[in-house]
Each structure stands twice: as C-alpha cells, then as structure tokens.
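The values are calculated or read from the model by the stated rules, or taken from the named source; none is laboratory data. Everything quoted here is computed from the prediction, not taken from an experiment. Every residue, glycine as well, gets a Cβ built from its backbone with ideal geometry; the counts of neighbours run over all protein chains shown.
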Amino acid sequence: MRAMILDQPGVPLRMVELPVPQPGQGEILVAVEACGVCRTDLHLVDGELPNPSRPVIPGHEIVGRVATVGKGVTGFMTGQRVGIPWLGWTCGECRFCLSGRENLCAAARFTGCQIHGGYAEYTVADARYCFSLPDAGDAALLAPLLCAGLIGYRALRLAGESQRVGIFGFGAAAHIVAQILKFQGREFHAFTRPGDLANQDFARSLGAAWAGGTDQTPPVPLDAALIFAPAGALVPMALRHVEKGGCVVCAGIHMSDIPAFPYEILWGERSIRSVANLTRRDGLDFLELAPRIPVRTEIHRFPLAAANEALGQLRRGEFQGAAVLVTAQQ
C-alpha cells in the first residue's frame, strides 16, 4: 500500500510502499477512502506534540470501509463504512476512564501520533474506538467531522448554555461549530486574522451575527469564547470580550504561550479551560446530531501524494473550511 510517512520533525512527509497491515485481536483493517488534514497534523510535523512514535503515518480524520474484521470484533462487518478519530486507545482502568473521562487517560494512544493513521491506503484501528458512518454519500465530506467536528462539539459542550459565543480562528472546526450554534438558535460572533475579509464573509454566510478581525470589538459582550487558533495571545483578548461569569475555551492540542494579563479581566467569575481530546460519548452524540442539522462541510480535496502541499496550504491559511486527502478508493 502507499502511505505518507513522517520520519522526523521539520522534514516533509515521504511517500513509501508498505505491506498492507493485518488486524490483531479486537482490531479492524480499514481501506481508507478519505482522511482530513488537521492543524494537529501540523503540530506533529513541527515536533510540538509529546511522545509521538517515529516514523509514523499521520492522519486522524479517517473515513473508510472495513476490509477485514479481526478476532473478537463485534458490531462491524466487511464493507461497512467507519470513521476513525484521534482517540485510538485508552487503558479502561484508571480513575479517568472509570469516570467517563477517558480523554484524560495518561496511557491513551492517539491515531496518527502513536498509532499509524490515515495518510495511507489502509490502516488498522481498535474497533472499540471506531464509529459507524452513513454508507451513502461522499467520504471526503464526512472526514472533517472526525476531529474538526468532534473537538468543536466538545469545546461547545464545555461552554455550557452560552447564548452569545465568540469563535476565534474561523477554520475547519469553527465552520462546523457555527452550524451547530445556528441550529440551536444561539448567536455567534466570528474573529479572524485582521483583514481576512474572505473568512469574515464565509462566517456571515453561515449565520454569524458579527464577523471581524481580532483587532476589532464585537457589538455585544460574549457569554463564551471558543479559541481554535493556536495563539496564546488570543486568550487575554477573548477575556476582554467575555461577560462576567463567562468562559474562554482553548480548543487546540497545542498553543503558544499565553502572555501575562491583568487580573481584572479574569475577575468577575470568568474562567479559562482547555479541551483535551474527546470521548467516545462525544463522538456518538455529535455523529447523531450532525445529520439532523445537517452539517455541511466545506472541503478542498488533495490526492494522497499531495499531503505536503495540503499541510502547507493549511499552514498559510490559503483556503476556507478543511483540507481532505482522498485515495483511489474514494
């Protein structure tokens, strides 16, 4: 099979030919149809994630068909379409796993980081951490749901019942969260890089009550702010726009340092919290909700061999929505 592999940080991914892997106990072999290109993949390539395996095949927004069912697997059959997310394995025994917080498991292993991911024609996954997906439709349109959608959904959950939500960084996750907010009848305000009129227009097309640069002030105080851009400087900026009792949710797996800020902008029972990974419950709930909205993803397709170009365009902010690698099986 063909795969794009990361040998070490700071170097381009390399196309290789590898044997098709075989599933072990409790695993399924998946023929990859499409795999989203996530900002987390950039952090992996840049060496900003802790304890990755190397060499490793990146990719954790995977949509494909079950090619082989391993021993002991129930609930999946050959030919079935499945999704494989970032969370690939947890111990099931620690205090976090036993209290519904498996996303915080210290022994957790992640797809495309410690487990080979979806920048390949085939991948193997623990069946317990895979999701059933609709059989019909375009696999590439589903791929962003497996991380941009799931992490955005968890970030929104942590924001509680906030009615006025600011979204900082209007990329793949934001354009899905925006659709959830509109469906739920909540108001959202979009913050982009200063002068990024294209993404501001994109946010308005999805129902934003206001869209502007991070150098601008929204017309009303916010109940919550979701930060998807990996820029720590946005945290105090968001705090200044959040009403008393509101929260700022940092949704990325990596962020630059947060600069010092005056206590007065935190005072008033404002809070800052992070999102760490996802739980399988998040996945089940979001994937049940998405078709009811229905969520429509804005994607830009790249062949598997163009993974480096897709990552480069993502880094430079050259498209709206999400990048997706497609294989010949799509």
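Could you tell me whether the stretch 213-232 includes any residue that is at positive phi and not polar (S, T, N, Q)?
Looking through the stretch 213-232, none of the residues is at positive phi and not polar (S, T, N, Q).
Considering 246, 283, 252, the condition of being at pLDDT below 95, buried (at least 16 other Cβ atoms within 10 Å of the Cβ) and small (Gly, Ala, Ser) is satisfied by 252 alone.
Applying the criterion of being assigned to a loop (DSSP other than H, G, I, E, B), among the aliphatic types (A, V, I, L, M) and under 30 Å from residue 257 (Cα atoms) to the residues of the stretch 12-58, the residue that is nearest to the chain's Cα centre (by Cα) is 49.
Of all residues in the stretch 194-215, those that are more than 16 Å from residue 163 (Cβ to Cβ) and more than 20 Å from the chain's Cα centre (by Cα) total 14.
The rows are residues; the columns are (1) aliphatic (A, V, I, L, M); (2) in the same structural domain as residue 321 (by TED's automatic domain parsing); (3) over 25 Å from residue 296 (Cβ atoms).
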site	(1), (2), (3)
83	no, yes, no
101	no, yes, yes
107	yes, yes, yes
121	no, yes, yes
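Every listed requirement among (1) of a type outside the set (Ser, Thr, Tyr); (2) in contact with a helix residue (DSSP H, G or I) (Cβ under 6 Å, 6 or more places away or on another chain); (3) at pLDDT 95 or above is met by residue 291 save one, (2). If the condition is being out of contact with any helix residue (DSSP H, G or I) (no Cβ under 9 Å at 6 or more places or on another chain) and part of a loop (DSSP other than H, G, I, E, B), then the stretch 108-161 contributes 114, 116, 130, 135, 136, 137, 138, 159, 160, 161.
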